[in-house]
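Structure below; questions to follow.
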Protein chains: 2
Amino acid sequence: MTDKDRSPSGKSGPSSGRDPERSRRLLIEATLESIARKGISETTVSRIIEHAGVSRGMIHLHFGGKDKLLEEAARTFCEAYYIEMDRQLAGVSDGPTETIMAIVRADLSEELLNERSVAIWHAFRGVARLNPAIAHYSDTRDARLRGMICDAFHALLESEGDAGVADDITMGTLALLEGMWTDFLTHPDAFSRQAAVRIVSRFLEAMFPGRFRI
Amino acid sequence: MTDKDRSPSGKSGPSSGRDPERSRRLLIEATLESIARKGISETTVSRIIEHAGVSRGMIHLHFGGKDKLLEEAARTFCEAYYIEMDRQLAGVSDGPTETIMAIVRADLSEELLNERSVAIWHAFRGVARLNPAIAHYSDTRDARLRGMICDAFHALLESEGDAGVADDITMGTLALLEGMWTDFLTHPDAFSRQAAVRIVSRFLEAMFPGRFRI
DNA sequence: ATTGTAAATGGACGATCGTCCATTTAAGCA
DNA sequence: TGCTTAAATGGACGATCGTCCATTTACAAT
């Protein structure tokens, strides 16, 4: 261990000290918090630095501008979704049915679907069409997750049916989940996680009788 | 017909003349057009009046401020959805199956689901959570549409099953449609209207065998 | 023709936006 | 203890935001 490892990331200094990594993290977190609470249009440089407790020049210094910071915030937020999704999927690997339901339950779990996340998610969606960098992170679930679900449905279908059926059901299932997120956004009080899981289960049980019993 | 009917709304004057109604309409249309093309954050007073071809003071004069104009634009946009939906639903009244599929086809039709509408819809969604007035128009389909679908599913279920089943399937169907809109937003080029209708049909056919044959 | 009324104009205004940079501060090295 | 380097500061800057109002314009009634 060289002297260099006695860097500011160690817990020696209580708070104030040189730590560019910490500054970056503070800014990203403050940005996401501001978007969640005040919306993206009211997420200004002044508000971000106030929440982060840093000086005005930090955004330009560490990110090169407000837009780049927003992009990094979107990336971080998207990354956090998959990290938590993987965490909840860690213990499950029994079969296609369990895999699919594990993904569904995780996507609708309190850790992933809550007022904060749904607010941030839809805020980014609103500006995604004109900001390709953000659009990339606003995609309807990524290829890996889609692949996992599609493979599971393929296994469930065995060899019967067309090749496109599994793709259709995959897209339908993802669309169902998307719709649940939107419902949470528009009716945060009336929303029921249990009902949401039950509804998805109903559709899948109808599709594969006996496999997704409620 | 009194003299008053020779108002500016008549086609006497070619373009310039007093017509507060026309000014209001121009401003609302310009607002929606700007949101569709530039996003809500770049929809400024300057841009709106430029597109509308009116003077700066008009927004404050006719709407009392930019926020009120945005709210009116959201109302108008939402209203247009239901007007077109009703138009497409006008000829259908055969049975529950036809009613449901007519709503699905209409919701996914080019008139209702297109790049412009999906951009505006998601832009409003993005700011809805902090703007109650706009949130009201961003609701996931209104009570009337939901009621029509729910009644149809009730009829399809006849007397079997719990009372909540129809509600569940209704919410699932609406969620599916919401998800399709989101997919159109994130993948406008890859999206297929035909595939979207087919996927919804698959799920409903699984739920009610023989009723929603593809 | 004159007057009254309301629509329409467009510039002034203060506030706030994001960017940038001269300066200060703190940590590592000689 | 100086010296170097990079992190951090915070105010200045021009641009642009939305609001507002004194003024002009156009139409209807007198």
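Run the label-point distances for B:Gly164 please: 7 Å along Cα to Cβ, every other copy, nanometres, shortest first.
3.6
Next up: Label the range A:73-214 by shape, choosing from rounded, prolate and oblate, from the square roots a ≥ b ≥ c of the eigenvalues of the Cα gyration tensor; if a/c is under 1.5 it is rounded, and otherwise prolate applies when a/b is larger than b/c, oblate when it is not.
Numbers: a/c = 1.80, a/b = 1.48, b/c = 1.22.
In terms of gyration-tensor shape, prolate.
Now, a different point. With +1 on each Lys and Arg Cβ and -1 on each Asp and Glu Cβ, and nothing else charged, work out how big the dipole of the protein assembly as shown is about its Cα centre, in Debye to the nearest 20.
Details: 54 positive and 64 negative charges, 370 e Å.
Its charge dipole is roughly 1780 debye.
Plugging the Kirkwood radius over Cα pairs into Stokes-Einstein for the protein assembly as shown, at a temperature of 25 °C and a viscosity of 0.890 mPa s, what D comes out in µm²/s? Before the final figure, lay out the partial values.
On the way: Rh = 24.1 Å.
My calculation gives 102 µm²/s for D.
OK, next. Is the shape of the range A:19-64 rounded, prolate or oblate, going by the alpha carbon gyration tensor and its root eigenvalues a ≥ b ≥ c, with a/c under 1.5 for rounded and a/b larger than b/c for prolate? Write out the running numbers ahead of the final one.
Values: a/c = 2.09, a/b = 1.66, b/c = 1.26.
Prolate.
Mind checking A:163-169 for the average number of partner chain beta-carbons within 10 Å of each residue's beta-carbon? Don't jump to the answer; show the numbers that get you there.
Details: counts 0, 3, 1, 0, 2, 9, 4.
So the per-residue partner count for this stretch is 3.
List the residue from chain A whose beta-carbon is nearest to the axis that rotates chain A onto chain B, together with that distance in whole Å.
With distances in whole Å, chain A gives A:Gly126, 1.
Give me a comma-separated list of calculated 3J(HN,Hα) values for the range B:40-49, in order, Karplus coefficients 6.51, -1.76, 1.60 applied at θ = phi - 60°, integers in Hz, x for any Gly or Pro.
Working through the residues one at a time gives 6, 6, 9, 8, 9, 4, 4, 5, 4, 5 Hz.
Would you calculate, for the protein assembly as shown, the mean residue ellipticity at 222 nm contributed by helices, counting each DSSP H stretch of 4 or more residues as -39,500 (n - 2.57) and dividing by all residues, to the nearest 500?
Values: 20 runs with 280 residues, N = 428.
The helix contribution divided over the protein assembly as shown gives -21000 deg cm²/dmol.
Right, next: I'm a student and want to see the number: the projected area of the Cα convex hull of the range B:139-214, averaged over all directions, in nm².
Values: hull surface 22.0 nm².
Over every viewing direction, the Cα hull of the range B:139-214 projects on average to 5.5 nm².
Next question. Just how large is the dipole of the range A:73-214 about the Cα centre, in debye to the nearest 20, putting +1 at every Lys and Arg Cβ and -1 at every Asp and Glu Cβ? Display every interim value, and only then the final one.
On the way: 14 positive and 21 negative charges, 71 e Å.
That gives a dipole near 340 debye.
Would you kindly derive the ³J(HN,Hα) couplings of the range B:108-122 from the backbone phi angles with the Karplus curve 6.51 cos²θ - 1.76 cosθ + 1.60 (θ = phi - 60°), listing them in order in whole Hz, with x for Gly and Pro?
The phi angles translate into 9, 6, 4, 5, 9, 10, 8, 4, 5, 5, 5, 5, 5, 4, 6 Hz.
Read phi for every residue in the range B:181-198 and hand back ³J(HN,Hα) as whole Hz from Karplus 6.51 cos²θ - 1.76 cosθ + 1.60, θ = phi - 60°, with x for Gly and Pro.
Residue by residue, the range B:181-198 yields 4, 5, 5, 5, 5, 7, 9, x, 7, 7, 5, 10, 4, 4, 5, 4, 4, 4 Hz.
Label position 7 Å from Cα toward Cβ: report the copy-to-copy distances for B:Lys66 in nm, one decimal, ordered from shortest.
1.2
To one decimal in nm, how far is B:Gly91 from the same spot in the other copies, if labels go 7 Å from Cα toward Cβ? Please give the shortest first.
5.6
We did not get these values from a lab; they are worked out from the coordinates using the rules stated. Note that the coordinates shown come from a computational prediction; the quantities given were computed from them, not determined experimentally. Using ideal geometry, Cβ is built from the backbone for each residue, glycine included, and neighbour counts are taken over all protein chains shown.
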